[in-house]
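The values are calculated or read from the model by the stated rules, or taken from the named source; none is laboratory data. Predicted model only: the values in this text are computed from it and were never measured. As a convention, Cβ positions derive from the backbone with ideal geometry for all residues, glycine included, and neighbour counts pool all protein chains shown.
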Amino acid sequence: MTTPLFSLDGRVALVTGASRGLGFAMAEGLAEAGAAVVLNGRDPATLEARAAELRARGFAASVAAFDVADEAAVRAGVDSVVAVNGAIDILIANAGIHHARPLGELRTEDWRRVMATNLDACFILAQQVAMKMIPRRSGRIIFMSSLTGLMGRATIHAYAASKAGLLGLTRSLAAELGPDGITCNAIAPGYFETDMSAKMRSDPAAVERIVNRVPLRRWGRPRDVAGVAVFLASPAAAYINGQQIVVDGGMGVAL
C-alpha cells in the first residue's frame, strides 16, 4: 500500500509561534493533513484556546508553552514534547519578532534581541530536535525566513539579517543532516496580513504600494503559506533539501 503524497498521518509536528498568524495557519494545515500538532508560544491560555479550536474539528492538538529565546526552556520543552508524544517528526521554527528603526537609532540591545529570537532560537531548536530525529533517521526541519532575507528594506536591519542568516543555516543543516534522513528547508513569505504587519497595513499608502508591486494584486493571507508547509513536511518533498520557497505573490520577480 502506497502512502499518499501529502499525508502526515502518524506524524508529530511542533510549530513555534503557533498561537496566531502564519504559525497557527501552518499548524492548522498540518493537522488537516493528519499530523498531531503541538502548538508553541509563551501564553498557555492563548495556546490552549487555539488547540481547542483544532480539537473541536476532530484534530489532534496539544500545547507546549515555552519561550524559544530561553535555551534552558527550549531544551526542557523539546524533551517534554518527545516524552508525551514519542517523537517530533516535523519542526516548524516560525516564532519571530520585528523591530524597525533607522540605522542611527537602532540600539545594540535591540539588534541582539531580534537575533536571539529570530536566529539563535531557531539554531537551538533545530539542534535539540535534530538530536531526537537522528536515531530515528527521519525528520523535517522547516524555518520561516522572509522575502526580506533576500531583498533589502530600509529600517529593518536586524530582522533582514536574521532572516538571511536562517537561509544560510538551512543550507548547512541540510548538508549535515541529510545523511541521517533529515531534510531542512525554508519558507520565505512576502507581505502577509498578520499582527506583525498591522502597523504597516494601517497606512493606506503603504498597503497600496505593496499591492501595486505584487502581480497578484493583494497581500498574502495566512492560509496561503499553509500548503507550502504541508508540502515540505510531506512525502511529496522527500527529495527536497536545503531549499527556500518564496511565497510572495510574485513580488520578488516583478519589476
Quiz item: So which helices (runs of 4 or more DSSP H) stay within the range 173-255 end to end and still have 2 or more residues that are surrounded by 15 or more Cβ atoms within 10 Å (Cβ to Cβ) and hydrophobic (A, V, I, L, M, F, W, C)?
Solution: 204-213, 223-233
Quiz item: Considering only the range 134-143, how many residues are surrounded by 17 or more Cβ atoms within 10 Å (Cβ to Cβ) and assigned to a helix (DSSP H, G or I)?
Solution: 0
Self-check item: Matching residues in the range 156-172 - criterion: being in contact (Cβ under 8 Å) with a residue 24 or more places away in the chain and small (Gly, Ala, Ser)
Solution: Ala158, Ala161, Ser162, Gly165
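Is it true that some residue in the range 2-19 is closer than 24 Å to Arg113 by Cβ and of a type in the set (Asp, Glu)? Give the derivation first.
Going residue by residue through the range 2-19, those that are closer than 24 Å to Arg113 by Cβ are 14-19.
If we keep only those that are of a type in the set (Asp, Glu) as well, we get none.
No, that holds for no residue.
Within the range 102-111, identify whether any single residue is more than 30 Å from Gly250 (Cβ to Cβ) and not in a helix (DSSP H, G or I), and answer yes or no. Reasoning before the result, please.
Initially, the range 102-111 is screened for residues more than 30 Å from Gly250 (Cβ to Cβ), giving 104-111.
Now drop any that are not not in a helix (DSSP H, G or I), which leaves 106-107.
Looking through the range 102-111, at least one residue is more than 30 Å from Gly250 (Cβ to Cβ) and not in a helix (DSSP H, G or I).
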Exercise. Enumerate the pairs (first residue in the range 194-216 and in contact (Cβ under 8 Å) with a residue 40 or more places away in the chain and within 23 Å of Ala25 (Cα to Cα); second residue anywhere and part of a helix (DSSP H, G or I) and aliphatic (A, V, I, L, M)) with beta-carbon separation below 7 Å, excluding pairs fewer than 6 apart on the same chain, so at least 6 apart or on different chains.
Key: Thr194/Leu22; Val214/Met251
Quiz item: Looking at the range 144-159, is at least one residue touching a strand residue (DSSP E or B) at 6+ places or on another chain (Cβ under 6 Å), surrounded by fewer than 23 Cβ atoms within 10 Å (Cβ to Cβ) and of a type in the set (A, V, I, L, M, F, W, C)?
Solution: yes
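Which residues, counting only those in the range 84-123, are among the hydrophobic types (A, V, I, L, M, F, W, C) and touching a strand residue (DSSP E or B) at 6+ places or on another chain (Cβ under 8 Å)? Step through it out loud before you land on a result.
As a first pass, look at the range 84-123 and keep what is among the hydrophobic types (A, V, I, L, M, F, W, C): 84, 87-88, 90-93, 95, 97, 100, 103, 106, 111, 114-116, 119, 121-123.
Val84, Ala87, Ile88, Ile90, Leu91, Ile92, Ala93, Ala95, Ala121, Cys122, listed by residue number.
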Quiz item: Given the conditions (1) closer than 30 Å to Tyr159 by Cβ; (2) among the small types (Gly, Ala, Ser); (3) surrounded by 15 or more Cβ atoms within 10 Å (Cβ to Cβ), which single one is not true for Gly34?
Solution: (1)
Quiz item: Just one of Ala164, Ala158 is part of a helix (DSSP H, G or I), modelled with pLDDT of 95 or more and more than 15 Å from the chain's Cα centre (by Cα); which is it?
Solution: Ala158
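For the range 153-173, name all the residues that are farther than 13 Å from Phe123 by Cα and not polar (S, T, N, Q).
Here is the first cut: in the range 153-173, the ones farther than 13 Å from Phe123 by Cα are 153-161, 164.
Scanning the range 153-173 gives Arg153, Ala154, Ile156, His157, Ala158, Tyr159, Ala160, Ala161, Ala164.
Does Leu22 qualify as being among the hydrophobic types (A, V, I, L, M, F, W, C) and in contact with a strand residue (DSSP E or B) (Cβ under 7 Å, 6 or more places away or on another chain)? I'd like the intermediate steps shown before the answer.
Details: among the hydrophobic types (A, V, I, L, M, F, W, C): yes; in contact with a strand residue (DSSP E or B) (Cβ under 7 Å, 6 or more places away or on another chain): yes.
When the stated conditions are applied, Leu22 passes them.
Rundown of residues vs (1) within 20 Å of Arg137 (Cα to Cα); (2) of a type in the set (A, V, I, L, M); (3) free of Cβ contacts under 8 Å to residues at least 40 places away in the same chain; (4) surrounded by fewer than 20 Cβ atoms within 10 Å (Cβ to Cβ), yes/no style:
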| residue | (1), (2), (3), (4) |
| --- | --- |
| Ala13 | yes, yes, no, no |
| Asp43 | no, no, yes, yes |
| Arg57 | no, no, yes, yes |
| Asn94 | no, no, no, no |
| Leu103 | no, yes, no, yes |
Exercise. Just one of (1) in contact (Cβ under 8 Å) with a residue 40 or more places away in the chain; (2) in a helix (DSSP H, G or I) trips up Met131, so point out which.
Key: (1)
